[in-house]
Amino acid sequence: MTSLPAVGLQLWLDDEARVQRLAGPLRSALALPGQGQARLQDYVQPYSLLVLEGEPLDWQAQPLDLDFKAVSGGTLHTRGWLLGQPGSWLLQLFDIGDLLQHRQQSLSAERQRHLTSHLAAELRDCSFDRLGQVAREQLQWLVRHWRASAGRILLQGKQGWQTYASSSDPLSWPDDDELGPLLDRLIPGQMASSLSHAALQALLPQADTYVLPYAQGHIVQAWLVCVGPFEPLSAADALNAWAAYAEPLVSRLAAFELQQQSERLDSLQLQLGAGWWQWRLSEAALQLDPGLAASLGVPAQLTISQWLSRVHPADREAAQLALGELQRDGCALHLSLRLLDHNLAANPRWYRLCGQVRGSGQQRRLQGFMLDVSDIKGQQLQASAAQARLENLIASSPAVIYIQRYVEGALQAEFFSASLQPMLGWEQTGETLQPGQWVHPEDHDLWLARTRTLLREGQARGRYRLRDRHGGYHWVLDEARLLRDDLGLPVEVVGIWLDVTEASEAAERMQVSEERYRVLVEDSPAMICRYTPELNLVFGNQPLADYLECSAAQLAGMNLGQWMSATQREAFVERLSGLTVEQPVSTAEICLALPGREHAWWVWADRGLFDAQGRLLEIQAVGRDNTQVRRTQQQLLQSAKMATLGEMATGLAHEINQPLNVMRMAVVNALKRLENGDVQVDYLQDKLKRIDAQVQRASRVVDHMRVFGRRSEVEQQWFAPWQAVEGALSLLAGGLRSKGVELRVDTPQQQGSVSGHQDQLEQVLINLLVNARDALLAQREQQPWIALRMDADEQRVRLWVEDNGGGIEPRLLERIFEPFFTTKPVGVGTGLGLSVSYGIIDGMGGCLSVDNGAHGARFCIELPVQSTN
Ligand code: ADP
């Protein structure tokens with residue numbers, strides 16, 4: 001027998017491959033077939049039977065790979081060859097299990113490398129938007145590759161572990177809230193050996209659970225939870241594959257987060273106008289955050305002096321000193337300063353500058369940040385300006401603000417605003433500051449009641465008098481409020497005193513004056529009333545009520561127009577419509593038909609009251625009864641008229657004598673003819689006609705005298721002014737002519753109407769004609785004449801009476817209209833003619849004037865004419 005090294009496994013076979021003997025160390029590892037002389041085929045795994053086809057003779061001279069059934073139930077991998085021996089075959093085999101395993105491992109490692117690089121590349125290269133989708137697909141693929149049934153990736157989020165991706169799986173997973181705390185308890189270092197975990201198993205009882213950590217340093221960044229069955233795969237390979245997956249995912253997510261943070265930071269800085277700055281002392285140049293530099297309009301790198309030139313001059317020295325201190329002593333820098341805009345003209349912006357020293361040696365630098373605080377600073381400035389204004393206002397106002405502290409049921413003065421001094425003269429501080437001492441003795445009760453009300457109701461308001469330092473008293477309006485603490489207990493009283501002395505005194509004065517006016521109105525003998533533009537009375541005093549024969553209370557609502565004629569009312573309303581804000585007053589004499597009286601004449605003064613738009617709201621009127629005066633005036637006129645008639649007596653006698661003479665002549669002549677018997681009918685007829693004409697002439701004069709002698713009508717009428725001229729001439733012409741006075745009458749073509757009494761205008765004309773006659777006779781003028789003419793336009797007529805009697809002495813011109821002014825001898829002149837005439841023309845709304853013409857006096861009567869429209 002050949003001695004063989006005791007290695008591997010040796011099997012001696014007969015030609016039929018029956019195992020005759022076994023040797024070698026591997027022998028004990030074989031699972032021996034049960035029955036006696038087994039064949040080699042009974043020792044090997046079924047798939048090795050392919051190698052063992054035929055007989056041992058067929059198998060020689062080639063390597064044989066045979067997998068034996070091992071006693072452990074596994075497989076013993078062997079390789080060997082068959083050697084022919086005398087009478088038998090020797091099968092020499094070596095264990096190649098290790099070799100196979102190694103190959104297997106390197107294959108799997110290769111596959112693993114491929115897998116991991118594929119995973120990493122996919123996750124690294126996809127766009128960020130697709131990252132979640134790719135992560136899910138890759139997870140799906142990994143899970144399938146490992147032949148696991150499901151997988152889930154958890155990442156550390158703000159609320160702990162959160163699922164980032166999960167494979168589509170039929171399992172019902174526990175929530176992140178349940179899974180997370182368990183993951184936190186796992187220790188990654190201990191995971192490598194066993195990926196399974198009992199606690200997780202409890203959460204997912206349906207399947208084997210495996211967890212794989214991905215850590216950077218000692219910190220787990222991600223977990224992969226897999227539900228088995230898990231492909232026989234080494235823990236290291238699984239961890240590697242997972243790391244290849246997790247690394248790009250975690251880093252991309254972290255990068256994204258970082259980018260977002262930086263964007264947020266940038267936008268925040270931009271919005272706040274904030275940014276960093278740095279000054280490398282070795283470089284002597286200041287670096288600014290680019291965003292900040294852009295907003296300031298300066299380069300991102302600039303020298304210290306350039307930088308200081310942008311600091312507002314008022315803050316420059318402080319900035320320089322603070323930077324020096326920071327550089328020298330390392331004191332932290334906190335400074336608010338103004339920076340000028342790039343055009344230097346606009347309002348500077350306020351910045352908060354903070355800084356500290358960092359690094360040492362070459363690396364020593366000052367760094368910090370700047371923050372735009374213009375808004376806050378602006379508000380601060382506004383607030384302090386407003387506060388200053390308020391303080392100023394309080395100090396200069398006639399109001400004192402005070403505080404009284406509540407101490408055991410009493411109020412003690414604690415504070416007075418500065419306005420106490422100007423208002424009452426008391427100093428703001430001092431031991432004796434008890435306002436109660438200043439209260440007027442008569443107002444003590446008010447003061448005590450105020451304190452009680454304040455404590456009971458929490459607020460009080462009142463008016464009382466306070467004594468000032470000089471002993472005078474001021475009326476103050478007090479408004480006070482009690483402030484309580486959280487528990488509702490009184491703490492202090494805050495109040496305000498408003499000096500209302502002037503207002504109080506004015507109100508008092510007003511009351512007194514109102515009372516005075518009320519008494520005045522009621523006791524006045526004049527008629528006083530208020531009425532609307534429609535003439536409805538709003539108020540009327542007693543005298544008015546007396547005239548209207550009713551009580552004062554009944555007056556309200558009555559219409560003033562009811563006592564006026566239509567013409568009067570029309571004129572009255574027309575006059576009111578002329579009232580304006582600028583000319584609110586108008587006076588007139590009005591004529592009323594009062595109950596039980598013939599006519600009453602009132603002198604009536606109106607004053608219009610207007611609203612903001614200038615519309616007439618109400619009229620206040622004061623009236624005086626002028627009836628008596630009117631009557632007297634009328635009587636005067638009447639007497640004057642009679643006097644005129646008397647004066648005209650000579651003229652009138654002539655006026656009547658003339659026709660009488662003519663008639664007498666006619667009668668005498670007719671009688672002569674009758675006596676002579678020489679009478680023809682024609683002759684007699686002629687004489688009788690002449691007598692008749694003269695009778696008519698005489699009766700016209702007498703008629704007119706009667707008319708003239710009558711009293712004037714109460715109301716004025718419209719008439720043609722030339723009629724008055726003709727009336728006057730009918731009474732005077734004959735007399736004048738008999739005195740040799742030539743009448744130059746220029747009858748007008750057309751004329752308007754004037755308002756008044758024709759007889760009165762006639763009287764005026766008679767006065768003027770008589771005066772002219774007297775002047776002519778007194779002058780003994782050779783060719784005396786009186787001229788009468790009229791001219792008219794649309795507004796007025798003018799009647800001219802001129803004579804050639806030498807005129808009026810210029811210095812007397814102003815006086816001739818005065819009553820009782822006369823140059824005629826006593827008993828001849830009354831001096832009333834012109835004065836009455838003046839009154840008449842004035843009453844007609846016209847004007848009587850005089851001047852000296854070329855030959856004598858020239859009188860002009862100017863009257864308004866009735867408008868044609
Ligand atoms: P009497 O005629 O009674 O004197 P009047 O008032 O009529 O009163 O006139 C006042 C005065 O005016 C006259 O006395 C006269 O001196 C003067 N007078 C009036 N008319 C004329 C006139 N036509 N020419 C000159 N003087 C005149």
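Before moving on, here are some points about what is shown:
- Note on the range 597-616: residues that are in contact with an Asp or Glu (Cβ under 9 Å, 6 or more places away or on another chain) and either free of Cβ contacts under 8 Å to residues at least 24 places away in the same chain or of a type in the set (Val, Ile, Thr) (or both) total 2.
- In the set LEU579, LEU594, only one residue is surrounded by fewer than 17 Cβ atoms within 10 Å (Cβ to Cβ) and in contact (Cβ under 8 Å) with a residue 40 or more places away in the chain; that residue is LEU594.
- Residue match in the range 104-115 (condition: at pLDDT below 85, closer than 24 Å to PRO46 by Cα and either aliphatic (A, V, I, L, M) or crowded, with 19+ Cβ neighbours inside 10 Å (or both)): no
- Pair list, Cβ < 6 Å and 6+ apart or interchain, from the range 807-824 residues that are more than 14 Å from ALA857 (Cα to Cα) to residues that are within 7 Å of the ligand (Cβ to nearest atom) and not in a loop (DSSP other than H, G, I, E, B): PRO819/SER835
- Subset of the range 399-440 [assigned to a loop (DSSP other than H, G, I, E, B) and of a type in the set (Val, Ile, Thr)]: THR429, THR432
- Among strands (runs of 3 or more DSSP E) entirely within the range 86-192, having at least 2 residues that are more than 22 Å from PRO213 (Cβ to Cβ) singles out 88-95.
- Strands (runs of 3 or more DSSP E) completely within the range 299-362 that count 3 or more residues being aliphatic (A, V, I, L, M) and under 48 Å from the mean Cα position of the chain (by Cα): 333-339
- Leading residue by the ranking (surrounded by the fewest Cβ atoms within 10 Å (Cβ to Cβ)) among those in the range 668-718 that are within 16 Å of LEU731 (Cβ to Cβ) and basic (Lys, Arg): ARG706
- For ARG798, the criteria (1) at pLDDT below 90; (2) under 30 Å from ALA720 (Cβ atoms) hold in every case but one, which is (1).
Yes or no, residue by residue, for (1) closer than 30 Å to ALA388 by Cβ; (2) of a type in the set (Asp, Glu); (3) out of contact with any strand residue (DSSP E or B) (no Cβ under 7 Å at 6 or more places or on another chain):
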site: VAL407; (1), (2), (3): no, no, yes
site: SER417; (1), (2), (3): yes, no, no
site: GLN421; (1), (2), (3): yes, no, yes
site: PRO435; (1), (2), (3): yes, no, no
site: TRP438; (1), (2), (3): yes, no, no
site: GLU442; (1), (2), (3): no, yes, yes
site: THR451; (1), (2), (3): no, no, no
site: LEU455; (1), (2), (3): no, no, no
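- Members of the range 34-50 found to be at pLDDT 85 or above and either under 21 Å from GLN101 (Cα atoms) or in a loop (DSSP other than H, G, I, E, B) (or both), listed by number: ALA38, VAL44, GLN45, PRO46, TYR47, SER48
- Meets criteria (part of a loop (DSSP other than H, G, I, E, B) and either near the ligand (Cβ under 10 Å from one of its atoms) or within 24 Å of ALA720 (Cβ to Cβ) (or both)) for GLY740: no
- Strands (runs of 3 or more DSSP E) contained entirely in the range 452-553, each with at least 2 residues that are surrounded by 12 or more Cβ atoms within 10 Å (Cβ to Cβ) and basic (Lys, Arg): 459-467, 473-484
- The range 700-729, residues that are part of a helix (DSSP H, G or I) and modelled with pLDDT under 85: ARG700, VAL701, VAL702, ASP703, HIS704, MET705, ARG706, VAL707, PHE708, GLY709
- Pairing residues of the range 325-341 that are within 11 Å of VAL373 (Cβ to Cβ) with residues that are β-branched (Val, Ile, Thr) and at pLDDT 85 or above, at Cβ distances under 6 Å and at least 6 apart in sequence or on separate chains, gives LEU337/VAL311.
The values are calculated or read from the model by the stated rules, or taken from the named source; none is laboratory data. For clarity, every value in this text was computed on a predicted model and none was experimentally measured. All Cβ positions, even for glycine, are placed from backbone atoms using ideal geometry, and neighbour counts span all protein chains on display.
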